[in-house]
Structures are given as C-alpha cells and as structure tokens.
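> Handing you a structure now.
The values are calculated or read from the model by the stated rules, or taken from the named source; none is laboratory data. Source: prediction; values computed, not measured. Glycine gets a Cβ as well: all are built from the backbone with ideal geometry, and neighbour counts include every protein chain shown. These area figures cover heavy atoms from the full protein model, side chains too; ligands, DNA and RNA do not enter into them. Shrake-Rupley method; radii C 1.70, N 1.55, O 1.52, S 1.80 Å.
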Amino acid sequence: MERVATAAGWAIRPFRMEDGEACLRIFSDWVKTADWLSNPKPSILELGAVLTRSRVWVADVDKAGVVGFLSMSAKTRYVDHLFIDLDWRFCGIGSGLLETARASANRPLELTVQDVNIRARRFYQRLGWIDMGAEKSNRGEPSRRLRSPE
C-alpha cells in the first residue's frame, strides 16, 4: 500500500534494503537528542535486525530521499519504531506512516512510549491514541502502552 501526499511532497512506500542506511542515520540523529537514553548502542544495533524482520514503511521525498520510517510486527501489530528526520518533523509524515500501518493491519496498533518522551506522548494524544497503562520498556524504563483509535 502506498500513500502519496503530493501537496506535502512526500510518499510512503515499503522499505527496500537500500533504505537501511538512511533509516540508521535518522535513528542515530534522534538518539543524539534523547538525553534520557543512558546507553543508546543496544538500540542502534537492534534497529538493523528490526528492519529485516518487521514490516517497514518509509517516507520518501524526491530530492531528499528517505526522511522517516515506521517498523511494525506484522503478527502483533506492535509499532517498534517511528522516527522522522529532524528537518522533516511537523510535515504530517509521522501521522501518514501511522495511517498507512493502521490500514495495512486492519485493526488498531499498539506501541510503548517512554514516560520521559513528552513530545511523542503529546503527538500520540493529539492523534487520539488511548493510554492502556504503565509498563516498563524493553530496557526497563517507565513507559506507557498506547493503542491507536479503531
């Protein structure tokens, strides 16, 4: 499934292996801004495995290339990653990636967001995601489990 937003200048398409380097760059740039991550190296190493075993979509801009990505477990509909290039935030790309994943899953999605990641929590709240309660992230940080709207 491809979603195109011509006015915004980006298109969402399935991940291709040659997109891996751009996804790693986007993720690494985000890690640099996440001062609450005590040891980001395991997260970066895990990303490579996730990109090969998960359902992944990328947001692509003609002259800029890949500017965002989302990875999701096809079996559980759990969103592992949603990251947008710092220069392309607030262009609707995150919500577009989530809409594409939700349409593909044909049922609500779930994800975990760390309590300290206030910007992400507000983003999901604006989109109508439901707080399912507290839990620990896979690294043990206090987090919230969220579910997308029906």
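> For the stretch 107-146, what class follows from the C-alpha gyration tensor (a ≥ b ≥ c being the square roots of its eigenvalues): rounded when a/c is under 1.5, otherwise prolate if a/b is larger than b/c, else oblate?
Oblate, since a/c reaches 1.5 and b/c is not below a/b.
> With a 1.4 Å probe and all protein chains left in place, how much of the accessible area of the chain comes from carbon and sulfur atoms, in whole percent?
Ligands and nucleic acids excluded, carbon and sulfur reach 51 percent.
> Out of residues 5 or more away from residue 80 or on other chains, whose amide H comes under 5 Å of its own, with H placed 1.01 Å from N in the peptide plane?
Counting only residues 5 or more places away or on other chains, the set is 71, 72, 73.
> Here's another thing I want to ask about it. Based on the mean of other beta carbon atoms within 10 Å per residue, what is the order of 124-135, 49-60, most packed first?
49-60, 124-135
> Can you work out the accessible area per residue across the chain, with the rest of the protein chains kept in place, probe 1.4 Å, in square angstrom?
Using a 1.4 Å probe on heavy atoms only, each residue of the chain averages 56 Å².
> Nearest 20 debye, what's the magnitude of the dipole of the chain about its Cα centre given +1 on Lys and Arg Cβ and -1 on Asp and Glu Cβ?
380 debye
> For a distance above 28 Å, tell me the whole-number percent of Cα pairs in the chain that qualify.
12 percent
> Would you calculate the separation in nanometres between label points at residue 31 and residue 136, each defined as 7 Å from the Cα along the Cα-to-beta-carbon direction?
2.2 nm
> Using +1 at the Cβ of each Lys and Arg and -1 at the Cβ of each Asp and Glu in the chain, identify which of 132, 118, 69 lies farthest towards the dipole's positive end.
Working it through, the farthest residue towards the positive pole turns out to be 132.
> Now, a different point. Using modelled backbone amide H atoms (1.01 Å from N, in-plane), which distant-in-sequence or interchain residues come within less than 5 Å of residue 9's amide H?
none
> If DNA, RNA and ligands are ignored and the probe is 1.4 Å, what is the ranking of 86, 98 by accessible area, most exposed first?
Heavy-atom accessible area, descending, gives 86, 98.
> Tell me the label-point distance for the pair residue 18, residue 127, using the 7 Å Cα-to-Cβ offset, in nm and rounded to one decimal.
In this crude label model, residue 18 to residue 127 measures out at 2.8 nm.
> Sticking with this one: Each label point is 7 Å from the Cα along the Cα-to-Cβ direction; what then is the distance between the points at residue 11 and residue 150, in nm?
3.5 nm
> Ratio to report: Rg/Rh of the stretch 79-150, with Cα atoms as the point set and Rh obtained by the Kirkwood method; give two decimals.
Across the stretch 79-150, the Cα-based Rg/Rh ratio is 0.95.
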